[in-house]
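Single-structure report; data block below.
The values are calculated or read from the model by the stated rules, or taken from the named source; none is laboratory data. Every value quoted in this text rests on a predicted model; they were computed, and no experiment measured them. Please note: Cβ atoms are built from the backbone with ideal geometry, for glycine as well, and neighbour counts cover all protein chains shown.
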């Protein structure tokens, strides 16, 4: 037997004999070997032992005769959280705070979860630890840690790559875009969503993943002006191997102004994974609309100010019912600017947006179709990619 250990983006191998020296590993191996059903073994990835003293989660993938058959959490005494030097507060949201920090002389981002958000921390950790979830347009995962502070409060954090340009929303507020920059942002974001939605089969494959909270705040801008998707606390997975979705409830989740009509109206079939992907596509259409507004396409240098979707018809802090009325009952969508009709590139992008936020989920474009459509547009733009 050989054990492969995956810690963030680092993998290394240990023989089972060496692993036996690690406290608790014998029990882990025994439990794995006792399972004959691979689906049951794989299900162990969802189990976490939250001990009162500081622990970090490392994932061990058991290889039997050279073939990976299981992925399970294994606790080791590495206090990553205590090695962090928090430098600057970035922002906060429903599920915690985000900080710029230093870890081993490396710039990292640290998402700190309050104790009542343990479920979100577990789910995001589980999504990031998914085998093969490594893509240029997915935020790079480094580690996940849980510890008890001096006040006996449970502290949970997720450590990821740091991108100083911040969220797509903040970037769009402060910057106008050339045609090439618009295409770069839109294409890379669509590539990330397409990769997320796609199931890859095989020993090094990945389940399909629906994000369920796509918005410009949950997309980061990298130094090279490409995007990466982040914040997977509401994400769900689906694999044809086990033919079920790991959704926890049928309630509407996400950010109301980005929710699809079927999510707002309660008609989403939560047992149909394709329905969750189509809800993501509606949200992504709104993100593309935000991007297009900031594109200065011609010599005039004119473009629209950044605007949050539906700001013209909703209050600054709309209720769920406010959004439901506008999106579901009145079937409104953000306004398309007349300027866009004058340029083929913007006109085509606007058409993609319209097909993403169609009221009928079956009429929406898939992430793959959006990616291919924008990729065609890239060829018409002087764009170094």
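Look at the range 315-333: where a residue is farther than 19 Å from residue 358 by Cβ and a partner is modelled with pLDDT of 95 or more and in a helix (DSSP H, G or I), sitting 6+ places away or on another chain with Cβ atoms under 6 Å, you get 320/256. What do you reckon, is residue 276 in a loop (DSSP other than H, G, I, E, B), out of contact with any helix residue (DSSP H, G or I) (no Cβ under 8 Å at 6 or more places or on another chain) and closer than 20 Å to residue 218 by Cα? No; evaluated as a whole, the condition is false for this residue.
For residue 266, are the conditions met, namely being surrounded by fewer than 20 Cβ atoms within 10 Å (Cβ to Cβ), more than 30 Å from residue 347 (Cα to Cα) and out of contact with any helix residue (DSSP H, G or I) (no Cβ under 8 Å at 6 or more places or on another chain)? Against the criterion (surrounded by fewer than 20 Cβ atoms within 10 Å (Cβ to Cβ), more than 30 Å from residue 347 (Cα to Cα) and out of contact with any helix residue (DSSP H, G or I) (no Cβ under 8 Å at 6 or more places or on another chain)), residue 266 qualifies. Can you tell me which condition residue 144 does not meet? The list is (1) farther than 23 Å from residue 238 by Cα; (2) part of a strand (DSSP E or B), and all the others hold. Of the numbered conditions (1) farther than 23 Å from residue 238 by Cα; (2) part of a strand (DSSP E or B), the odd one out for residue 144 is (1).
Residue count for the range 191-204 under the criterion of being within 16 Å of residue 236 (Cα to Cα) and either part of a loop (DSSP other than H, G, I, E, B) or without any contact (Cβ under 8 Å) to a residue 12 or more places away in the chain (or both): the result is 2. Kindly establish whether residue 202 is surrounded by fewer than 20 Cβ atoms within 10 Å (Cβ to Cβ), out of contact with any strand residue (DSSP E or B) (no Cβ under 8 Å at 6 or more places or on another chain) and either at pLDDT 90 or above or more than 28 Å from residue 320 (Cα to Cα) (or both). Taking the combined requirement at face value, the residue satisfies it.
For the range 146-195, residues that are surrounded by fewer than 19 Cβ atoms within 10 Å (Cβ to Cβ), more than 30 Å from residue 298 (Cβ to Cβ) and more than 19 Å from the chain's Cα centre (by Cα) total 8. Of the residues 364, 325, the single one that is crowded, with 16+ Cβ neighbours inside 10 Å and under 23 Å from residue 194 (Cβ atoms) is 364.
Determine whether the range 336-346 contains at least one residue that is within 19 Å of residue 283 (Cβ to Cβ), in contact (Cβ under 8 Å) with a residue 24 or more places away in the chain and part of a helix (DSSP H, G or I). No, the range 336-346 contains no residue that is within 19 Å of residue 283 (Cβ to Cβ), in contact (Cβ under 8 Å) with a residue 24 or more places away in the chain and part of a helix (DSSP H, G or I). Elements of the type strands (runs of 3 or more DSSP E) sitting completely within the range 53-110 and holding at least 1 residues that are at pLDDT 50 or above: these cover 84-93, 96-103.
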